[in-house]
Amino acid sequence: MAADPLTPAVSDRICRHMNKDHAEAVLAFSCHYGGLKNPVSATLLRVETEQMVLAVDGTELVIGFDHPLSDSEDAHRTLVAMLKAMPQT
């Protein structure tokens, strides 16, 4: 069975999951990939083909992917790989 295409509804599902169950990872993305120092809060707003969009301390932050995402499974694999690529604290 093929994975879901990366539609706005799928993006919403990914964002809800990440914000509810992996909020610390979303905050870590803003520091490592967004170059921010000591952000207070970060929320994943959208996962698009080329990038993810976060709200960090009230400001939108765009973090590009290293390749265009093909579907929901690719989004999952890419977010996990990005998290694993960060230095562990």
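The values are calculated or read from the model by the stated rules, or taken from the named source; none is laboratory data. Not measured: the values here are computed from a predicted model. Methodologically, a virtual Cβ is constructed for each residue, glycine included, from the backbone with ideal geometry; neighbour enumeration extends over all protein chains shown.
Scan segment 33-81 for residues that are touching a Pro at 6+ places or on another chain (Cβ under 7 Å) and more than 15 Å from A3 (Cα to Cα) and jot them down.
E50, V56, D57
Taking segment 1-10 as the region of interest, how many residues are among the small types (G, A, S) and part of a helix (DSSP H, G or I)?
1
Among strands (runs of 3 or more DSSP E) lying entirely in segment 26-89, which contain 1 or more residues that are touching a residue at least 24 places away in the same chain (Cβ under 8 Å) and among the charged types (D, E, K, R)?
Of the strands (runs of 3 or more DSSP E) lying wholly inside segment 26-89, those with at least 1 residues that are touching a residue at least 24 places away in the same chain (Cβ under 8 Å) and among the charged types (D, E, K, R) span 42-47.
Filter segment 61-78 down to the residues that are loosely packed, with under 15 Cβ neighbours inside 10 Å and under 18 Å from R16 (Cβ atoms) and list them by number.
E73 - this is the single residue of segment 61-78 that is loosely packed, with under 15 Cβ neighbours inside 10 Å and under 18 Å from R16 (Cβ atoms).
Where residues in segment 26-56 are out of contact with any helix residue (DSSP H, G or I) (no Cβ under 6 Å at 6 or more places or on another chain) and polar (S, T, N, Q), which of them is surrounded by the fewest Cβ atoms within 10 Å (Cβ to Cβ)?
Here the answer is N38.
Taking segment 8-41, which residues are among the polar types (S, T, N, Q) and at pLDDT 95 or above?
Selection gives S11, N19, S30, S41.
If M18 satisfies every condition in (1) surrounded by 16 or more Cβ atoms within 10 Å (Cβ to Cβ); (2) touching a Ser or Thr at 6+ places or on another chain (Cβ under 7 Å); (3) touching a residue at least 60 places away in the same chain (Cβ under 8 Å) but one, which is the exception?
(2)
Scan (1) on the phi > 0 side of the Ramachandran plot; (2) in a helix (DSSP H, G or I) for the single condition R13 breaks and write down its number.
(1)
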